[in-house]
Amino acid sequence: MSESLKFNSWLLGKLADHARGQTLADLLGSVKTEAVPIGDGVCFLFATDFQGGDDAFRKRCMDWCLRPGRTLLLVPPMKLEDCKQPQPWRPLAAGAIDASKSKGLAKLLSPELKYEMTTDMLPTKTVDGEWNRGGINTAHYKKHPNSGLFAVTCLPVWSLSVLDHGKHLVTWLNELHALAGEAIEEEEAVADEARFAPSHEHYALMLHLTSGRWKNRDSALRALKSSLVLTLPPERADECLKELEDNGLASEGDLTDRGKEILWSSPYAVYAGTLEKKQ
């Protein structure tokens with residue numbers, strides 16, 4: 001391929017162990033991840049996994065792609081039902097498609113299309129996300145101009161047809177991911193982490209912050225006193241929370257995006273998943 005991929009990519013959910021994911025792994029070097037990844041790039045996920053996931057899983061996905069330089073890309077298969085996150089969208093059985101003016105990947109895969117969609121998200125025109133006579137095959141959402149990208153495509157980007165036309169997929173992905181903006185430099189965050197390593201008490205507090213929704217730090221600390229799951233002496237809890245806040249891992253009774261990344265990449269991630277589901 002004359003053009004190279006300009007970012008990392010991951011396979012999340014059922015796609016990671018599916019033959020369709022192997023196509024993406026072979027062409028792009030996409031790697032399997034068992035949780036929402038840490039770092040910048042494109043994360044592929046079956047649309048059905050997102051549509052059928054619980055609120056906690058969808059929230060983790062949405063939190064991850066808020067940061068610039070990150071694209072969450074939902075790919076077929078899809079459930080023919082309404083989805084309200086991040087804005088309303090609904091897959092439909094594909095009707096008559098006019099791809100005569102399309103190019104690259106959209107044109108290549110148009111004969112294999114099983115879905116199109118209606119949505120309040122924006123059709124992604126840079127990748128021929130809308131057919132000539134209407135009908136959307138790819139749409140995206142950015143929470144604000146400096147955020148990352150949430151995208152849904154009806155194109156079977158994992159199709160075996162792409163194996164002989166890998167450059168079309170690479171070009172398409174580079175153009176799509178460019179909408180996610182420039183990744184934030186990690187130098188300061190790495191330096192902070194080198195100075196601050198959360199202890200088991202910090203992680204206990206981080207798990208507590210994950211287990212509920214608090215109005216502010218004081219309400220979070222008050223709730224910890226009556227927690228049946230986690231215990232931490234009040235004075236120490238206040239100290240730990242201040243240290244998390246000073247290091248950019250917590251704010252106003254909640255974990256920051258950085259705090260969530262550190263928790264979900266730690267040995268305590270399994271507990272976080274259990275507690276988060278109880279919200």
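Read the figures in this text as sums done on the coordinates, not as results from a lab. Given the structure is predicted, the values throughout are model-derived calculations rather than measurements. Cβ coordinates were reconstructed from backbone atoms using ideal geometry, including for glycine residues, and neighbour counts include every protein chain displayed.
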Theoretical FRET efficiency, 1/(1+(r/R0)^6), r = Cβ-Cβ of Lys242 and Thr274, R0 25 Å, to 0.05: 0.40
Cut-off under 5 Å, modelled amide H: who pairs with Gly181 long-range: Gly69
Protection proxy ranking, peptides 144-153, 47-56, average beta carbon neighbours within 10 Å, highest first: 144-153, 47-56
Residue-averaged [θ]222 nm for the chain, counting only DSSP H segments that reach four residues, each worth -39500 (n - 2.57): -10500 deg cm²/dmol
Kyte-Doolittle at least -0.5, axis length at least 20 Å by Cα - qualifying DSSP helices, the chain: none
Residue order, fewest to most surrounding Cβ atoms within 10 angstrom, among Lys14, Lys215, Lys260: Lys215, Lys14, Lys260
Filter on Lys6/Lys215; Lys14/Lys215; Lys79/Lys167; Lys114/Lys167; Lys84/Lys167; Lys59/Lys167 - keep pairs with C-alpha separation over 31 Å: Lys6/Lys215; Lys14/Lys215; Lys84/Lys167; Lys59/Lys167
Burial ordering of Ile262, Ile38, fewest other beta-carbon atoms within 10 Å first: Ile38, Ile262
Residues whose placed amide H lies under 5 Å from that of Ala250, excluding near-sequence neighbours: Glu245, Thr256
Under 5 Å, built H, 5+ apart or other chain: amide partners of Ser211: none
Order by protection proxy (mean Cβ within 10 Å, highest first), peptides 80-91, 122-133: 122-133, 80-91
Relative contact order computed over the chain (Cα-Cα under 8 Å; 6+ residues apart), in percent: 16 percent
Spatial separation of Cα centroids for the range 95-152 and the range 26-68, in angstrom: 20 Å
